[in-house]
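Trainee: Here's a structure for you.
The values are calculated or read from the model by the stated rules, or taken from the named source; none is laboratory data. For clarity, every value in this text was computed on a predicted model and none was experimentally measured. Cβ sites come from the backbone with ideal geometry, for glycine too, and all protein chains shown count toward neighbours. Calculation scope for accessible area: heavy atoms of the full protein, side chains included, ligands and nucleic acids excluded. Shrake-Rupley method; radii C 1.70, N 1.55, O 1.52, S 1.80 Å.
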Amino acid sequence: MTTTRPIETAATPTVPRWRRLLAAMLIVLGCVLAPLSVAAVWTRNTLLSTDQYVDTVAPLAENAAITDRVATRAVDALFAEVDIQGQVRDVLPDRAVVIAPAITAAVERLASDAAHRFVQSDAFATLWREANRLAHAQVRNLLTGEGRVVDGKVVVDLGPVVVALRDRLEGLGLDVFSGAADSATGGDLVLFESQTLKKVQSGVDLLQTLAVVLPIVTVLLLAAGVLLAGDRRRALLRAALGVAGAMALVLIGSAVVRSIYLDAFRPEGRAAAGAAYDQVLGFLRLSLRTVFTLALVVAIAAWATGPGRLATRVRAGGRRLVGRAGDRVGADEVGLSGFGRAVARHRTPLRVLVVAFGTVLLMVWNRPTSATVLVVALLVVVVLAVLEVVARAGASVAASHE
């Protein structure tokens, strides 16, 4: 005799009004703190760590906007140090002085070509790392207010690059720049305008202090809000959507701030500043997208386990695809009856713990790659599915013994 499985319904327990309000407040607070937690970890691990900051900006040595700007600034610095056209006039006969500008232009083209070849070399990559290691002190001063930032800017000193370019030109037989001093200046590259970023100083110390605690507090707030709610599955769904929404808002805000920020730069330096902005904030954006993706996975899982007609059909289709594993597994035969009944009784808290573990793992991971995010999210989904199968088997055994 074939029995028809009734459509699942969710019985929402009646809870006091104060408890529902407290649960909602905890979830809202957790959603607000979620992007702050990501920002706190990024601030401590990337902005305020010299080694990590240098590793972050090191790839800029291969960015076309940066290398073009560095080459231009280095050549300009050399020509500012030496009067090439005056030297050419001094060695030309009076009647040939008119060609001095053309010779000077040719020298400038040669210097520019040499500069562009140099910024594509390993030697430049090494100098770039060293220059940014020194510049990181300005970043710390800017963000923490502990020191002084000259002219309100964070700059990379290109003096060593200018000197290396001068030596390379001399090696090519062009010794007109031999008068340039070893401490050549004027080739600094502005990476950040501190007049804009100084506004965040007051919050950086707090973020640095709470970088470890804040993510844990955020997860605990969200978990407490879900556990206190009358309908925990629906509360989990709303919490996940809230976290995803908060991450999306911050991502959109970073794009808007980028546009406003770059408007402060002159047109010739805007591309390099944009490349630096994108590189330094790249890990923050990746972290925000990671949590956004994980939150969506949790939201989908919470929806898929609900009593809705569409969710029920989806689950029924999934059971057919896996051979109705949750209904056909004999829990008594594999010794899981007691464990399955325990999982069935504590299904929601276990779901929360699995999701919380995945979230904390991604938050504390130093630099998760896209593959890392995918693997962790997949593991969370697989564990949730296993819990569902075991819980259904345990519930089935419990029902058969009644």
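Trainee: What is the calculated FRET efficiency for Trp18 to Leu206, with r their C-beta to C-beta distance and R₀ = 25 Å, to the nearest 0.05?
Mentor: About 0.25, to the nearest 0.05.
Trainee: In whole Hz and in residue order, list the ³J(HN,Hα) couplings for the range 53-65 that follow from phi through the Karplus curve 6.51 cos²θ - 1.76 cosθ + 1.60, θ = phi - 60°; x for Gly and Pro.
Mentor: Each residue of the range 53-65 in turn: 5, 4, 5, 5, 8, 4, x, 5, 5, 10, 7, 4, 5 Hz.
Trainee: Name the residues whose placed amide hydrogens come within less than 5 Å of the amide hydrogen of Lys153, ignoring near sequence neighbours (fewer than 5 apart) on the same chain.
Mentor: Amide H neighbours of Lys153: Ser194.
Trainee: Let me ask something additional. Working with all protein chains in place, sort His116, His136 by solvent-accessible area computed with a 1.4 Å probe, largest first.
Mentor: His116, His136
Trainee: How much accessible area per residue does the range 234-280 have, in Å², with a 1.4 Å probe?
Mentor: Using a 1.4 Å probe on heavy atoms only, each residue of the range 234-280 averages 49 Å².
Trainee: Could you put Glu388, Glu108 in order of accessible surface area, largest first, with the 1.4 Å probe and the full protein assembly present?
Mentor: Ranked from most to least accessible, the order is Glu108, Glu388.
Trainee: Got a sec to turn the phi values of the range 105-121 into Karplus ³J(HN,Hα) couplings, 6.51 cos²θ - 1.76 cosθ + 1.60 with θ = phi - 60°, whole Hz, x for Gly and Pro?
Mentor: My calculation for the range 105-121 gives 5, 5, 4, 5, 5, 4, 5, 5, 4, 5, 5, 5, 5, 5, 6, 9, 9 Hz in order.
Trainee: So, one more: In what order, largest first, do Val354, Val217 sit by accessible area if the probe radius is 1.4 Å?
Mentor: Highest to lowest solvent-accessible surface, that is Val217, Val354.
Trainee: Modelled label-to-label distance, Leu251 and His116, 7 Å Cα→beta-carbon offset: nm?
Mentor: About 3.6 nm, to one decimal.
Trainee: If you count only protein heavy atoms with a 1.4 Å probe, what accessible area per residue comes out for the range 23-108, rounded to a whole Å²?
Mentor: 46
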